[in-house]
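Worksheet for the structure shown next.
The values are calculated or read from the model by the stated rules, or taken from the named source; none is laboratory data. Owing to the predicted nature of the structure, the values given are computational and were not obtained by experimental measurement. Note that each Cβ is placed from the backbone with ideal geometry, even for glycine, and that neighbours are counted across all protein chains shown. Note: areas computed on protein heavy atoms with side chains; ligands, DNA, RNA excluded. Shrake-Rupley method; radii C 1.70, N 1.55, O 1.52, S 1.80 Å.
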There are 2 protein chains.
Amino acid sequence: MSSAAGRDLAEAPEERHFLSTEEAAALERELLEDYRFGRQQLVELCGHASAVAVTKVFPLPTLSRKQRTVLVVCGPEQNGAVGLVCARHLRVFEYEPTIFYPTRSLDPLHQDLTTQCEKMDIPFLSYLPTEVQLVNDAYGLVVDAVLGPGVEPCEVGGPCTRALATLKLLSIPLVSLDIPSGWDAETGGGDGEDGLQPDVLVSLAAPKLCAGRFSGRHHFVAGRFVPDDVRRKFALRLPGYMGTDCVAAL
Amino acid sequence: MSSAAGRDLAEAPEERHFLSTEEAAALERELLEDYRFGRQQLVELCGHASAVAVTKVFPLPTLSRKQRTVLVVCGPEQNGAVGLVCARHLRVFEYEPTIFYPTRSLDPLHQDLTTQCEKMDIPFLSYLPTEVQLVNDAYGLVVDAVLGPGVEPCEVGGPCTRALATLKLLSIPLVSLDIPSGWDAETGGGDGEDGLQPDVLVSLAAPKLCAGRFSGRHHFVAGRFVPDDVRRKFALRLPGYMGTDCVAAL
């Protein structure tokens, strides 16, 4: 890592550096422990930026009423918390989110974010139809906030695993937060050839290694909050953010 | 309050309702207690929106290098915490903030926000020159995050009171967060005719009554996060937010 310190931030795309699992964990530690960012603060920033990324690819004025309906599928870990925040901001941006959050975390942060969504009258599904066509017909797009880096589907099991099986079969656009759920954060494998193949990937803080295997249409990074020194330390040579944008297209 | 419930959000400007101190406190309680928003979360949203408001009035590409320097003066209460977040986002937006934060809070939230700014190499002034021309010459504009509603200058005293005396005499543009420091949140009085006269006012969550006496050029509200039901309950008939904007001009 030290050899990367001080290198220029502006680089050709082929020199981009995506983070190993170890580097991503070290970056998060640096933000939380050295910079004293709070989890509530980071989850809010990432969820807001994820919602903004959705608006870039699917601008509200171009959508029919039906296309404005967004199914946000949230897992029990941090990725799911970001999904809850994303759903709330989508509601604020006048989309019509519905949340499926089958395995609820006991973490007070998750509980508070859930209350915010519930009080804002965002519907929560009590189950996800296994009939794929029902989901395709009911929603304009799906946000996958099920599993983040380092969370194995088998650890979660039950309804989340079943939800992923459904998401794999959908024909409506799919937006994955941080990594496509079920992918290994480094190799992109683990879920076989038939894993999720999102149309949009929103890397949180910085892209993880597996993003190199993402073949969808739009890849954003939502990491404007990452201080310059940390970007340099982790050799994050990323495109610049424009104006006050919180996401940048790669 | 109950008589206001259910009234239409879209209204003519003359029907706008600004909040009494009691209403503002009730709105904040509703967000914190009923909606379970966290203070870290609200302060982050307000500080980010305040920085965005600054970029609207003073767009970076229109500014000389010197004009990009922003002095952010932070008090020890919540208004100061929002100022610290505003300074961090201004840094992210490539302005050059400097912070004067003479009376530091022991609140862990304030301490963490301070660490974030310090680690991002935002300079902290150890004292504010009493010679006004030195401040006029050194900075392009000043953000007043000294005193929020209900905080009396005499409660704070010392360096904050002296800082306000200096801010009153500046000729560079002044941006006040929530209320101009020293103003009574309802009457606008309390600080006499020679109180702060900001060029820009950024109302946080919703405008307070005293905003009716604001005579500067630009008034923004940074309250997109306030849920529709709460806006209706408090009869906040405000202009709509555009796209993904977190502030709206009144």
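Using a cutoff of 8 angstrom between alpha carbon atoms and counting only pairs six or more residues apart, the relative contact order for chain A works out to 25 percent. Every helix of 4 or more DSSP H residues in chain A counts as -39500 (n - 2.57), and over all residues that averages to -9500 deg cm²/dmol at 222 nm. Model label points for B:ASP107 and B:MET242, set 7 angstrom from Cα along the Cα-to-Cβ axis, are 3.3 nm apart.
Taking amide H as placed 1.01 Å from N in the peptide plane, B:ALA185 has its amide H under 5 Å from the amide H of B:GLY150, each at least 5 places away in sequence or on another chain.
Once you list every other residue whose beta carbon is under 10 Å from the beta carbon of B:HIS89, what net charge do they have if Lys and Arg are +1 and Asp and Glu are -1? Summing Lys and Arg as +1 and Asp and Glu as -1 gives +2. Charging the Cβ of each Asp and Glu at -1 and of each Lys and Arg at +1, and nothing else, the dipole of the range A:34-90 about its Cα centre rounds to 320 debye.
A simple rule links phi to the HN-Hα coupling: the Karplus curve 6.51 cos²θ - 1.76 cosθ + 1.60 with θ = phi - 60°, which for the range A:45-51 gives 4, 5, x, 4, 5, 4, 5 Hz, with x for Gly and Pro. Each Lys and Arg contributes +1 and each Asp and Glu -1, all at the Cβ; summed about the Cα centre of chain B, the dipole is approximately 660 debye. Where chain A is rotated onto chain B, the residue of A whose Cβ comes nearest the axis, and that gap in whole Å, is A:GLN40, 2.
Shown in residue order for the range A:197-202 are the 3J(HN,Hα) couplings computed by the Karplus curve 6.51 cos²θ - 1.76 cosθ + 1.60 at θ = phi - 60°: 10, x, 7, 10, 10, 10 Hz (x for Gly and Pro). Label sites at B:THR187 and B:GLU33, each approximated as a point 7 angstrom past Cα along Cα to Cβ, lie 2.9 nm apart.
Please say if the range B:60-195 is rounded, prolate or oblate, where rounded means a/c under 1.5 for a ≥ b ≥ c the square roots of the C-alpha gyration tensor eigenvalues, and otherwise the choice is prolate for a/b larger than b/c and oblate otherwise? Note, shape of the range B:60-195 comes out oblate.
Annotation for A:GLY150, label-to-label distances across the other copies: 4.0 nm (shortest first, one decimal, point 7 Å from Cα along Cα→Cβ).
If R0 equals 56 Å, the separation of the Cβ atoms of B:SER215 and A:PHE124 corresponds to a calculated FRET efficiency of about 0.75. Heavy atoms of chains B and A lose about 2700 Å² of accessible surface on contact, summed over both sides with a 1.4 Å probe. Solvent-accessible surface (1.4 Å probe) assigned to A:SER171 amounts to roughly 100 Å².
Legend: mean number of C-beta atoms from other chains within 10 angstrom of residue C-beta atoms, peptide B:34-46, equals 6. Ordering A:LEU209, A:VAL54, A:VAL230 by the projection of their Cα atoms onto the charge dipole of chain A, which places +1 on the Cβ of Lys and Arg and -1 on the Cβ of Asp and Glu, puts A:VAL54 at the extreme positive end. Database remark: amide H of B:VAL143 closer than 5 angstrom to the amide H of B:LEU71, B:VAL72, B:VAL73, B:VAL175 (H placed geometrically; neighbours at sequence offset of 5 or more, or on other chains; Pro and chain starts carry no H). Straight-line reach from A:LYS233: which lysines fall under 28 Å, measuring Cα to Cα and dropping same-chain residues less than 8 apart? Within reach: A:LYS208, B:LYS119.
DSSP beta bridges confined to chain B are antiparallel in about 10 percent of cases. By the rule of a C-alpha distance below 16 Å, with chain neighbours fewer than 8 residues away ignored, no lysines are paired with A:LYS66. Taking the Cα centre of the range B:69-123 as origin and assigning +1 to Lys and Arg Cβ atoms and -1 to Asp and Glu Cβ atoms, the resulting dipole is close to 20 debye. In this structure the amide hydrogen of B:HIS219, modeled in the peptide plane, comes within under 5 Å of the amide hydrogens of B:LEU201, B:LEU250, none closer than 5 places in sequence on its chain. Within the protein assembly as shown, antiparallel bridges make up roughly 10 percent of the DSSP beta bridges whose residues both belong there. Rounded to whole numbers, the Karplus 3J(HN,Hα) couplings from phi for the range A:22-31 are 5, 5, 4, 5, 5, 5, 5, 4, 4, 5 Hz, using 6.51 cos²θ - 1.76 cosθ + 1.60 with θ = phi - 60°, and x at Gly and Pro. Take each peptide in A:24-34, B:111-121, B:220-230, count the other Cβ atoms within 10 Å of every residue, and average; sorted highest first, the result is B:220-230, B:111-121, A:24-34.
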